[in-house]
1. Give me the 1.4 Å probe accessible area per residue for the chain, excluding ligands and nucleic acids, in Å².
2. Restricting to the chain, what percent of DSSP beta bridges are antiparallel, rounded to 5?
3. Just how many % of Cα pairs in the chain lie over 30 Å apart, if you round to the nearest whole percent?
4. Compute the whole-percent fraction of alpha carbon pairs in region 113-192 spaced more than 15 Å apart.
5. At 1.4 Å probe size, with the rest of the protein present, what percent of the exposed accessible area of the chain is carbon and sulfur atoms?
6. How much mean residue ellipticity at 222 nm does the chain get from its helices, if each DSSP H run of length 4 or more adds -39500 (n - 2.57) and you divide by all residues, to the nearest 500 deg cm²/dmol?
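The values are calculated or read from the model by the stated rules, or taken from the named source; none is laboratory data. Just so we're clear, the structure is a prediction, and the values are computed from it rather than from any experiment. The accessibility values were calculated without ligands, DNA or RNA, using every heavy atom of the protein model including side chains. Shrake-Rupley method; radii C 1.70, N 1.55, O 1.52, S 1.80 Å.
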Amino acid sequence: MKKLIGFKKTKIAVFISGTGTNLKNLIKFSKLKSYPFSVDLIISNTNKAEGLKYSKQYKIKKKIINYDKKIKSDNKILYILKQRRIKLICLAGFMKILSKNFIKKFKGKIINIHPSLLPKYKGLNTHFRAIKSGEKFAGCTVHYVTSKLDSGKIILQKKIKISKKDTAFSLAKKVLKKEHIIYPASIKKILN
Ligand code: GRF
């Protein structure tokens, strides 16, 4: 990806469907001089996403795109992204699968955070499955998005130990803390 010119930060869009702790964390980091991005747009597929509150709190434009009609939704999003000169899309708990066409149009500029040590445990319920399989380690991964689910090139990964007492819930909490470290770091890594 291109190097920053002058002091201008690269505009990113964050796509969410839920709580938005990663969104909030990215906003927080974007305010730091040493992080080369600004969160310019929040996209959610539902108006029930708790994370949408950060739009108001931080005065960031939000757009709710109902994904019922995929092609129409894709085109709407592509239009807004172009209009706002968004250079990178960060998926953060976005529960919809982007179309092949959309991914092609934004090739190499969509990244995602996944709560497992990819390539292990793609898809949902990662913590539950990791514990059930007797894994000793869990973690999170930031990777490029391709049309194959949770399979693009890895940018950063963080590993943690699973303790005997861990439940899917406690593990999710621990992993989330690490997500908040590697997501901003990954963006910095690919933009620098
Ligand atoms: C995170 O665990 C992320 O890895 C996964 O969805 C969750 C989103 O959490 N893709 P939040 O909405 O950022 O709190």
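1. That works out to 59 Å² for each residue.
2. Numbers: 11 of 29 bridges.
For the chain, the DSSP antiparallel bridge percentage is about 40.
3. 17
4. The answer is 52 percent, as a whole percent.
5. 56
6. About -10500 deg cm²/dmol.
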